[in-house]
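Structure record follows, encoded as structure tokens.
The values are calculated or read from the model by the stated rules, or taken from the named source; none is laboratory data. Treat the numbers as computed from the prediction; the structure is a model and nothing was measured. Using ideal geometry, Cβ is built from the backbone for each residue, glycine included, and neighbour counts are taken over all protein chains shown. To get the accessible areas, we keep the full protein, side chains included, count just its heavy atoms, and leave off ligands, DNA and RNA. Shrake-Rupley method; radii C 1.70, N 1.55, O 1.52, S 1.80 Å.
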Amino acid sequence: GHLVFRGLRLFGSDFTVDHVAVRTNQDAAIHLVNAHEVEVAECRFESVGGYGVWLHLDARDNVIRGNEMVDGGAGGVLVTGARFSYLSAADLHTADPAVQELAPGGNVILGNHIHHGGVIRAYCSGVHLDSRPLSRAQARGNYVGFNHLHDLPRNGIFAFRNQGGNLFEANHIHDVIQRTN
């Protein structure tokens, strides 16, 4: 923990064509798996192939703050557990049985400016919180607040299946749900 990425400019990364779940692009400029207490602050993500930041599995108590994410191949911040859908076993991203009940929690996504995304994959969100296992449905969630989300093809914020325990407040969302795959 206690790793900080501050003031970086990340741009021009590639993207993959095939993904475990068709509806969720799994590319990211910064991919934090089981990471604790990492801060990504005041960075600029420009023309990256997928999401700016991806929090996966037991990613806890991380802070994604004050970043600008613009012209992304997908959205801004992606938050996922082992499965992208608890309706089907087909969308399994991480097969290890030991991680099936994990989901990111306690993360802070604060004051980011996420806009003009979905350049490659229109099915994306400014902040995308994907499926959590039923056992984690009311567990400590994530904080998403004071973000400015606009000019996105799909959702400003998307929270799918078993997402109790999250707090969403004072996000400014406009010019979204404009197109999709």
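For the stretch 80-151, what ratio Rg/Rh do Cα atoms give with a Kirkwood hydrodynamic radius? Write out the running numbers ahead of the final one.
Details: Rg = 14.1 Å, Rh = 13.9 Å.
Reported Rg/Rh, Kirkwood definition of Rh: 1.02.
Pull up all non-local amide H partners of SER125: gap of 5 or more, or a different chain, and H-to-H distance under 5 Å with H placed in the peptide plane.
So SER125 has HN proximity to GLY75, GLY76.
Return, ordered by residue number, the residues of the stretch 52-66 whose backbone nitrogen is under 17 Å from a label point located 7 Å along Cα→Cβ of ASN34.
Of the residues in the stretch 52-66, 55-62 have backbone N under 17 Å from the label point off ASN34.
Taking θ = phi - 60°, what integer Hz values does the Karplus form 6.51 cos²θ - 1.76 cosθ + 1.60 yield along the stretch 132-149, in sequence order, with x for Gly and Pro?
Computed from phi, the couplings for the stretch 132-149 are 10, x, 3, 5, 9, 4, 10, 6, 3, x, 10, 9, 10, x, 6, 8, 10, 10 Hz.
Evaluated at 4 °C with a viscosity of 1.567 mPa s, what Stokes-Einstein diffusion coefficient in µm²/s does the chain have when Rh comes from the Kirkwood expression over alpha-carbon pairs? Each step should come with its number before you reach the end.
Values: Rh = 15.7 Å.
Rounded, D is 82 µm²/s.
Under a plain spin-label model, where a point goes 7 Å from the Cα along Cα-to-Cβ, how far apart in nm are ARG44 and LEU8?
That separation, rounded to one decimal, is 1.6 nm.
Amide H of PHE11 versus every other amide H placed in the peptide plane: which residues, excluding those fewer than 5 positions away on the same chain, fall under 5 Å?
GLU46
Carbon-plus-sulfur fraction of the accessible area of the chain, 1.4 Å probe, in percent?
55
Using the heavy atoms of the protein chains and a 1.4 angstrom probe, tell me the accessible area per residue for the chain in square angstrom. Write down the numbers at each step before the final one.
Values: 7740 Å² over 181 residues.
With all protein chains present, the chain gives 43 Å² per residue.
In Å, the Kirkwood hydrodynamic radius of the stretch 127-181 over pairs of distinct alpha carbons? Please report the intermediate quantities before stating the final value.
Numbers: mean 1/r = 0.0829 Å⁻¹.
Kirkwood radius, the stretch 127-181: 12.1 Å.
With the contact rule set at Cα under 8 Å and sequence spacing of 6 or more, what percent relative contact order holds for the chain?
18
If you rank SER131, SER47 by how much accessible surface each has, with a 1.4 Å probe, what is the order from largest down?
So the residues, ranked largest to smallest area, are SER47, SER131.
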